[in-house]
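Notes follow once the structure below has been shown.
The values are calculated or read from the model by the stated rules, or taken from the named source; none is laboratory data. The structure displayed is predicted, hence computed values, not measured ones. Don't worry about glycine lacking a Cβ; one is built from the backbone with ideal geometry, like all the others, and counts go over all protein chains shown. SASA here: full protein model, heavy atoms, side chains in, ligands and nucleic acids out. Shrake-Rupley method; radii C 1.70, N 1.55, O 1.52, S 1.80 Å.
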Amino acid sequence: MLNAIVLDRDGTLVSDGGYVHKVEDFELLPGVIEGLKKLSKNYIFIIITNQSGIGRGIFTEKDMHKFNKKLVSELKKEKIEIKKIYYCPHTPEDLCKCRKPHIKYIRDAEKEFGIDVKNSWVIGDHPHDVEMAIKAKAKGIYLLTGHGKKHFDDLEKDGIKPTFVAENFLQATGFIMKNSIS
């Protein structure tokens, strides 16, 4: 079985100015390349992202796919492979089963790639990323990048306990590397 790093996209890998979808606004966050390179020795990478801007009519699936293609190609230039991007196009009001914190996409990735979820990590900047990790029995790192600082108090309020809270992607990487079974 493979160990995975399940990554949120906006605010975790790329700068999040709200409903990120324009290729011209693409900006990797500091430390992402370096961190992913270090983690790639022991983990595969999956992205699970809520993209409610599609359901809200702010941008199209085509816009999102263009943006994702840019992200994957920039990482590929650095010899970093994203195995798959799972995305939820729905709004919270749609009450779908694919929107984080639901674990549908973690279960799909588990089957598709033979992932050992218990020895895998979820990294994200929103409480629902950590909640998804907990529900799936993975380990969850809450990032203070993106929306992380804004929603930090929601963790305690909602009783969500991350494995670790990191200032940035490199700090998350260091924690994973020190606390991994390899």
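Accessible surface computed residue by residue for the chain, with neighbouring protein chains in place and a 1.4 Å probe, gives 50 Å² per residue.
Of the solvent-accessible surface of the chain, computed with a 1.4 Å probe and all protein chains present, 52% belongs to carbon and sulfur. Under 15 Å of direct C-alpha separation, and excluding same-chain neighbours fewer than eight residues apart, K97 reaches these aspartates and glutamates: D108, D129, E131.
Database note for the chain: Cys without another Cys beta carbon under 4.7 angstrom, C96.
If we count every other residue with Cβ under 15 angstrom of F59's Cβ, Lys/Arg +1 and Asp/Glu -1, where does the sum land? Mind showing how you got there, number by number?
Details: positive: R9, K22, R56, K62, K66, K69, K70; negative: D10, D16, E24, D25, E61, D63.
Once positives and negatives cancel, what remains is +1.
Tally Lys and Arg at +1 and Asp and Glu at -1 over the other residues with C-beta under 10 Å from the C-beta of P89: what net charge comes out?
Values: positive: R56, R99; negative: E61, D94.
It works out to a net charge of 0.
Kindly provide the trypsin sites (Lys or Arg not before Pro) of the stretch 77-182 that DSSP labels as loop, not H, G, I, E or B, and whose Cβ sees at most 16 other Cβ atoms within 10 Å. Let's see the in-between values first.
Working: sites: K77, K79, K83, K84, K97, R99, K104, R107, K111, K118, K135, K137, K139, K149, K150, K157, K178; in loops: K79, K97, R99, K137.
Hits after loop and neighbour filter: K79, K97, K137.
Relative to the current alpha-carbon distance between K83 and D154, full extension at 0.36 nm per residue lengthens the span by 22.5 nm. Neighbours of F152 by Cβ distance under 12 Å: Lys/Arg scored +1, Asp/Glu scored -1, total -3.
Karplus-based coupling profile of the stretch 48-57, in residue order and whole Hz: 10, 9, 7, 10, 5, x, 5, x, 8, x, with θ = phi - 60° in 6.51 cos²θ - 1.76 cosθ + 1.60 and x standing for Gly or Pro.
Can you tell me the FRET efficiency between D116 and S15 if r is taken as the Cβ-Cβ distance and R0 is 30 Å, rounded to the nearest 0.05?
On the way: r = 31 Å, r/R0 = 1.05.
Efficiency, from the Cβ-Cβ distance: 0.45.
Per-residue Karplus couplings for the stretch 140-150, computed as 6.51 cos²θ - 1.76 cosθ + 1.60 with θ equal to phi - 60°, are listed in order as x, 10, 9, 9, 8, 7, x, 8, x, 5, 4 Hz, Gly and Pro entered as x.
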